[in-house]
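*Asks:* Please read through the structure below; I'll follow up with questions.
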Amino acid sequence: MNGNERFWGRLRLVGWSLAALILLLPLIARSFTDEVHWSPGDFLAAGLLLGGTGLLFELALRRSRDDAFRWGALVALAAGLLLAWSNAAVGIVGAGANTANALYFAVLAIGLSGCWVAGFQAKGMSMALFATAVAQALVTGLAVLFNWGRSADPIASLLGINAFFVALWIGAALLFRRSAERGAH
């Protein structure tokens, strides 16, 4: 195993360890405080989200040895995990269920289905993730235009949070584009 593969092996170990720690912390915290209210369903949802993300990354590691492809997968999966987790936990626009927050799950569906249709080839995944960035921006624009969410939510924070996700989607798309240009995948 060369140094590059050792790096990815260590990163895998860190990722799975973090997933386990994220699931263990609320379980332990429940013993010491009444502030943590995770139900068995919450643990199941978190486990499925973390485990599913980890398994998709394992597949990406096996799919290509190209670093740009692997980093693109890592960035895209991290963006998807953060978007799904934060949206499910507290919502991106306001709190709870509303039209905008439901549309953020459509953003994730666009990215995942686009990568699926592309056969998980770098060039097609690049295009799918650019489309995901556009979808994220469109949902944000609709949320601002139609004033979805609470009126107390500052527009600047909504735009900042969504700009962060758009940047992650574009960054992942550019990494996949680099991989495709090299013909490494």
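*Asks:* What is the gain in length, in nm to one decimal, between A167 and L112 on full extension, counting 0.36 nm per residue of separation less the C-alpha to C-alpha distance?
*Replies:* Contour length minus Cα-Cα distance gives 18.1 nm.
*Asks:* Could I ask something else about it? How high is the FRET efficiency between E181 and V90 when r is their beta carbon distance and R₀ equals 35 Å, given to the nearest 0.05?
*Replies:* Computed FRET efficiency for E181 and V90 comes out at 0.35.
*Asks:* Okay, moving on. How charged is the neighbourhood of L129? Take every other residue with its Cβ under 13 Å from the Cβ of L129, and add Lys/Arg as +1 and Asp/Glu as -1.
*Replies:* My count for the surroundings of L129 gives +3.
*Asks:* Let me know the volume per residue of the alpha-carbon convex hull for the range 20-78, in Å³.
*Replies:* 80
*Asks:* Separate question: Apply 1/(1 + (r/R0)^6) to the Cβ-Cβ distance of L59 and S157, taking R0 = 41 Å, and write down the FRET efficiency to the nearest 0.05.
*Replies:* 0.75
*Asks:* Arrange the peptides 51-58, 121-128, 37-44 so that the one whose residues have, on average, the most other Cβ atoms within 10 Å appears first.
*Replies:* Per-residue mean Cβ counts within 10 Å order the peptides as 121-128, 51-58, 37-44.
*Asks:* Express in nm, to one decimal, how much length is gained between L44 and F32 on full extension, taking 0.36 nm for each residue of separation and deducting their alpha carbon distance.
*Replies:* 2.2 nm
*Asks:* Applying 1/(1 + (r/R0)^6) with R0 = 45 Å to the Cβ-Cβ distance of N98 and N2, what FRET efficiency is obtained, to the nearest 0.05?
*Replies:* Efficiency, from the Cβ-Cβ distance: 0.35.
*Asks:* For the chain, what is the mean residue ellipticity at 222 nm derived from helices alone (per DSSP H run of n ≥ 4: -39500 (n - 2.57); sum divided by total residues; nearest 500 deg cm²/dmol)?
*Replies:* Result for the chain: -28500 deg cm²/dmol, rounded to the nearest 500.
*Asks:* Using 0.36 nm times the number of residues separating L82 and V134, minus their current alpha carbon distance, what extension gain do you get?
*Replies:* 17.0 nm
*Asks:* Is the C-alpha gyration tensor of the chain telling us rounded, prolate or oblate? Criteria: a/c under 1.5 is rounded; beyond that, a/b larger than b/c is prolate, otherwise oblate.
*Replies:* oblate
Values quoted throughout were computed directly from the atomic coordinates according to the rules given, and no laboratory measurement underlies them. Quick caveat, the model's predicted, so the values are computed rather than measured. Heads up, the Cβs are rebuilt from the backbone with ideal geometry, glycines too, and the neighbour counts pull from every protein chain shown.
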